[in-house]
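Written out below as structure tokens is the structure these notes cover.
The values are calculated or read from the model by the stated rules, or taken from the named source; none is laboratory data. All values derive from a computational prediction rather than experimental measurement. Methodologically, a virtual Cβ is constructed for each residue, glycine included, from the backbone with ideal geometry; neighbour enumeration extends over all protein chains shown. Ligands, DNA and RNA are excluded from the accessible area calculation, which covers all protein heavy atoms including side chains. Shrake-Rupley method; radii C 1.70, N 1.55, O 1.52, S 1.80 Å.
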Amino acid sequence: MLFLVTIAVFLLMECITWCTHKYVMHGFGWYLHEDHHQPKYNGFEKNDAFFVIFAIPSMALIFYGSNSIYTYLLYIGLGILLYGVAYFLVHDVLIHQRFKWFKNTNNWYLQGLRKAHKIHHKNMGKEDSQCFGMLFVPVKYFKQYKK
């Protein structure tokens, strides 16, 4: 049963990430996110601070859930952690190629995610962006790749 908590939190994190991306990163947090929208970036970005912002509650929940009677906190923390791992692999590795691990994929789903994110980055500014999700993006971005 607690495993379902982890899965539910993982899925909920996509909604939280979408809202954070649209209203915080492209809002009052633009100062940290702006360098991510620059044409070329190497190494660490100010935008990487958002990784830490999400990692802190995950670590705290895992720690307190492991050391208390409130074990459900552990599973909430694990859901956030697993989403963070997925975000790293999809966003930083697959989409932005910060690490050259999945350079040549023919998977329709992963190609659709890359296309949607490229559309997001087409606009270099804070305003008028689209496609704020990471794992769930509009279906139109998958259609050209699905066979």
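Has the stretch 20-37 got any residue that is over 21 Å from LYS122 (Cα atoms) and open to solvent by 40 Å² or more (accessible area, probe 1.4 Å)? Looking for residues that are over 21 Å from LYS122 (Cα atoms) and open to solvent by 40 Å² or more (accessible area, probe 1.4 Å), one finds none in the stretch 20-37, hence no. Within the span defined as the stretch 69-87, one or more residues are under 19 Å from LYS118 (Cβ atoms), of a type outside the set (A, V, I, L, M, F, W, C), assigned to a helix (DSSP H, G or I) and at pLDDT 90 or above.
Being free of Cβ contacts under 8 Å to residues at least 40 places away in the same chain, closer than 23 Å to HIS33 by Cβ, assigned to a helix (DSSP H, G or I) and touching a helix residue (DSSP H, G or I) at 6+ places or on another chain (Cβ under 7 Å): is that true of LEU113 here? Spelling it out, LEU113 is indeed free of Cβ contacts under 8 Å to residues at least 40 places away in the same chain, closer than 23 Å to HIS33 by Cβ, assigned to a helix (DSSP H, G or I) and touching a helix residue (DSSP H, G or I) at 6+ places or on another chain (Cβ under 7 Å). TYR72 satisfies every condition listed in (1) touching a residue at least 40 places away in the same chain (Cβ under 8 Å); (2) open to solvent by 70 Å² or more (accessible area, probe 1.4 Å); (3) farther than 22 Å from ILE7 by Cβ; (4) of a type outside the set (Val, Ile, Thr) except (3).
Name the residue, out of ILE62, ILE95, ILE69, that is over 21 Å from GLY29 (Cβ atoms) and in contact with a Leu (Cβ under 8 Å, 6 or more places away or on another chain). Walk me through it before giving the result.
Numbers: ILE95 fails: over 21 Å from GLY29 (Cβ atoms); ILE69 fails: in contact with a Leu (Cβ under 8 Å, 6 or more places away or on another chain).
Being over 21 Å from GLY29 (Cβ atoms) and in contact with a Leu (Cβ under 8 Å, 6 or more places away or on another chain) holds for just one of ILE62, ILE95, ILE69, which is ILE62.
Among all residues of the stretch 5-13, there is none that is assigned to a helix (DSSP H, G or I), at pLDDT below 90 and either surrounded by 18 or more Cβ atoms within 10 Å (Cβ to Cβ) or touching a strand residue (DSSP E or B) at 6+ places or on another chain (Cβ under 8 Å) (or both).
Could you give every pair whose Cβ atoms fall below 7 Å, whose first residue belongs to the stretch 97-110 and is on the phi < 0 side of the Ramachandran plot, and whose second residue is open to solvent by less than 90 Å² (accessible area, probe 1.4 Å) and of a type in the set (S, T, N, Q), counting only separations of at least 6 or pairs across chains? Filtered contacts from the stretch 97-110: LYS103/GLN97; THR105/GLN111.
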